[in-house]
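Coordinate-derived values only; no laboratory data. Keep in mind that this is a model prediction, so the values were computed, not measured. Ideal geometry is used to build each Cβ from the backbone, glycine not excepted, and the neighbour counts take in all protein chains shown.
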Amino acid sequence: MELRSRDDMVRMYRQMQRIRQFEEKVNQLFLEGRMPGTLHLYVGQEACAVGVCEALQPDDWITSTHRPHGHAIAKGVSLNSMMAELFAKTTGCCGGYGGSMHVGDPDVGSLTAIAIVGGSIPVASGMALGFKMRRTDQVVACFMGDGAVNEGAFHEGVNMAAIWDLPVVFVCENNRYGASTPVEQVVRLEKLSERAKGYGIPGITVDGMDVLAVHDAVAAAVERARFGGGPTFVECETYRYVGHSRTDTRGYRSREEEQEWKLRDPIPRLAAHLRDLGEATEDELRAIADEVAAELGEALRFAEDSPSPAPEDCLRNVFAEEVALR
Amino acid sequence: MSAPTIETRSMTIAEALREAIREEMRRDERVFCIGEDIGIPGGFGGAFTVTLGLAEEFGRDRVLDTPISEAGIAGAAVGAALAGMRPIADVQYADFLFCAMDQLVNMAAKMRYMSGGRLSVPMVMRAPCGATTRAAQHGQSPESFFIHVPGLKVACPSTAYDAKGLLKTAIRDDNPVLLFEHKLLYGSKGMRAEKGALSPVGEVPVAEYTVPFGQAAVRREGCDVTIVAKLLMVYRALAAAKRLAEEGISCEVIDPRTLVPFDVETVAHSVRKTERLVIVDECPRTGGWAGEVAAEIQEKAFGCLDAPIVRVTAPDTPVPFAPVMERYYVPDEDDIVRGVREVLRWR
């Protein structure tokens, strides 16, 4: 593991706290009936988004999935605009046109999330192709779940990135289940990263509950991509603590299995690491969590105070120019 | 005062499309071509020769050959467009658009909307359509599927002038545009020449021009019946109109040129004059473009209609192979003449 500064690690800790607390807050708000729509929570997988995005530059891009909150926050989308989007307000990062499954902000390199499983993979390769043609040195990190590796779009998108040495890193968050279906029931391989062999690109599997391990692996892959070495497939072994979506009561897996994974929780794990190194005290870490809670309270007020779109705004933003639609 | 003379040259639709691409690639370095077999040395220059010779001028990085991966091609075009490029993507047959449907319908068409207007997908998808004795999976006219997708524009050039002008407009448009090109209208030469092709050669100005979207062209003026037709059907409608004129029946033939946006006003204006409408379409009948035009016109000009609107379309079957069956399947001059007589029965 490379040496990291205290500031880097503390920032990763704060980012994971921001995602965890955001998800817990929006879950509560949903259960209270204060938000429309559906919800795919990222709780448990924070080390993946943070480890990846900390390895990217501000002008690099990510593509995301139907479970995008953590990715967007890690890449720098503000909690205000995230919360406002979930509240379907005009100040949301998609102006109320996208909702939970499409959060993102082009200003910080977070592509409006693509909620079709695997659908973002050819798009990510295309973005990387565009950056390569424009010689901008930008890199794309393409998030996907374990389910995506069985989509045809995965094959076509990864293969194109491979044959053209495109600057993209494919990040597969293997959280063990596609909705309720266990991954071992739908893939014959030991490790999903073995898929990479079929495309002639490097594939590695890392502990997705360890933010520093994810960061190390992805930083190397980003470096390789940026300097013309082509794509890498990084599998992060992780776990979502919650159901697939808001109605999922997780009857397909045991509470014991869940407890085992929670023992590996990435947030206390990094906290312990920081304390062991003498880089942060318990009080300092608690202060960070409190600051995040305050930031979240502010985001909630911002979202609630923001205006809703007019009903007829649904007729806008279909084309680049305003067209009279009915 | 005499009209200024415009210097023109004769060319086929394939040549006109190629010239549009060449001019736009010279004008804007963001424009590039991506597709199967489009730039391979010794290859065909795309299935119908449109990109022939472009790789020699612009290099194979800007005339980018892909694996056989239509979803990948469409997705790569979406992504490259999001990253600031202006891709012209290419599928060999419009039938293969179905392989790319998710990328076109869920991504290309919706990224702007889902982002609240913050993203643009300025891409062109070119697709050769039309029945040409290649049967059910290489002869479809799937335009109607795409007019049903909000966020996509759909252009259907039937002349060399329009092919060049519409493609240039499509490349410069900030929205995803599908350009349907009829295989019997290309005028492709040599090995890729089509049996039974109409291959209309048209005059194309030497000077720079574009053809705006949403402006229909009146191909023939008339006062008894309005015929709306696109692509190959324009020529069959014109042939029918000519035959009917010998009997003293005067048909106005309108070519919409773009289906989205659709110039309903030009059609409605014509129908207010003729009071009768026949729509000709190579797409299958049910849920098709012809039905959509009929609905628009009965809403806009019901009071003017003296007869029910007649659709002359392909039947609700896959495209057959046997030439005798295919000839029955695709609307022809006789079918259109019958359609016109049908609306004239209502006096």
Averaged over every viewing direction, what's the projected area of the C-alpha convex hull for the protein assembly as shown? Give it in nm², one decimal, please. 34.1
For A:127-139, mean number of other protein chain Cβ atoms within 10 Å: 5
In whole angstrom, how long is each semi-axis of the equivalent ellipsoid of the stretch A:17-130, when you take the square root of 5 times every eigenvalue of its Cα gyration tensor and sort them from largest down? 22, 15, 13
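Could you compute the net charge surrounding B:Gln140? Neighbours are other residues with a C-beta less than 10 Å from the C-beta of B:Gln140; K and R count +1, D and E count -1. Don't skip to the answer; put the middle values down first.
Details: positive: B:Arg134; negative: B:Asp95, B:Glu143, B:Glu282.
Here the count lands on -2.
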Run lengths n ≥ 4 of DSSP H only: what is the helix-derived mean residue ellipticity at 222 nm for chain A, with -39500 (n - 2.57) per run over all residues, to the nearest 500? -13000 deg cm²/dmol
For labels at A:Arg4 and A:Glu291 in the simple 7 Å Cα→Cβ model, what's the distance in nm? 1.7
Dividing the mean separation of Cα pairs under 8 Å (6+ apart) by the residue count of chain A yields a relative contact order in percent of 22
Show that you can apply the helix-only estimate: for chain B, add -39,500 (n - 2.57) for every DSSP H stretch of four or more residues, divide by all residues, and state [θ] at 222 nm to the nearest 500. -9500 deg cm²/dmol
Where Rh is the Kirkwood radius over Cα pairs, Rg/Rh for the stretch A:173-267: 1.03
Taking each residue in B:123-131, count the Cβ atoms of any other chain within 10 Å of its Cβ, then average. What number comes out? 0
Applying a 10 Å radius around every beta-carbon, put B:194-200, A:138-144 in order of their mean neighbour count, most first. A:138-144, B:194-200
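By average Cβ neighbour count within 10 Å, what is the ranking of B:133-141, B:277-285, A:222-230 from highest down?
The peptides rank, most packed first, as B:277-285, B:133-141, A:222-230.
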Which whole-number percent is the relative contact order of the stretch A:208-309 (Cα, under 8 Å, 6+ apart)? 24
Take the Cβ-Cβ distance between A:His273 and A:Leu189 as r, set R0 to 30 Å, and report the resulting FRET efficiency rounded to the nearest 0.05. 0.45
Please report the Cα spread of the stretch A:222-269 along all three principal axes, rounded to whole Å, starting with the longest. 46, 26, 15
What is the diffusion coefficient of the stretch B:217-344 in µm²/s, taking the Kirkwood radius over Cα pairs and the Stokes-Einstein relation at 4 °C with a viscosity of 1.567 mPa s? 90
Using a 7 Å offset from Cα along Cα-Cβ at B:Thr286, what residues in the stretch B:314-345 end up with backbone N under 15 Å from the label point? B:314-319
Cα-Cα separations in the stretch B:9-205 greater than 23 Å, expressed as whole percent: 37
Row for the stretch B:1-109, column shape: gyration tensor on C-alpha, a ≥ b ≥ c, rounded if a/c < 1.5 i.e. under 1.5, prolate if a/b over b/c, else oblate; value prolate
About its Cα centre, what dipole magnitude does the protein assembly as shown give when the only charges are +1 on Lys and Arg Cβ and -1 on Asp and Glu Cβ, stated in debye to the nearest 20? 1360
Please work out the FRET efficiency for the pair A:Thr281 and A:Gln57, using the Cβ-Cβ distance as r and a Förster radius of 30 Å; give the result to the nearest 0.05. 0.45
Using 0.36 nm per residue, how much length does the chain from A:Phe227 to A:Gln259 gain when fully extended, once their Cα-Cα distance is taken away? 7.4 nm
The distance between the Cα centres of the stretch B:280-317 and the stretch B:45-68, in whole Å, is 39
What is the sum of charges around B:Leu97, taking Lys and Arg as +1, Asp and Glu as -1, for the other residues whose C-beta is under 12 Å from the C-beta of B:Leu97? -4
Hey, what's the Kirkwood Rh for the stretch B:26-65 if you take every pair of different alpha carbons, in angstrom? 9.8
What is the gain in length, in nm to one decimal, between B:Glu221 and B:Ala245 on full extension, counting 0.36 nm per residue of separation less the C-alpha to C-alpha distance? 7.5 nm
Calculate the radius of gyration of the Cα atoms of chain B to one decimal place, then report Dmax, the largest Cα-Cα distance, as a whole number, both in Å. 19.9, 62
Within 10 Å of each Cβ in A:84-97, the average number of Cβ atoms from other chains: 2
Multiplying the sequence separation of A:Asp165 and A:Leu325 by 0.36 nm and subtracting their Cα-Cα distance, what value in nm do you get? 53.4 nm
Report, to one decimal in Å, the Kirkwood hydrodynamic radius for the stretch A:106-237 based on all distinct Cα pairs. 14.7
Where only C-alpha atoms are counted, convex hull volume of chain A per residue in Å³: 144
For B:Val201 and A:Arg301, extending 7 Å from Cα along the Cα-Cβ vector and measuring point to point gives, in nm, a value of 7.7
Once the Cα gyration tensor of the stretch B:56-96 is found, what semi-axes does its equivalent ellipsoid get, as square roots of 5 times the eigenvalues, in whole Å, sorted largest first? 17, 15, 8
Reachable lysines from B:Lys153, Cα under 25 Å, same-chain residues fewer than 8 places away excluded? B:Lys110, B:Lys164, B:Lys168, B:Lys183, B:Lys230, B:Lys300
Mind jotting down the distance between the C-alpha centroids of the stretch B:175-231 and the stretch A:184-220, whole Å? 51
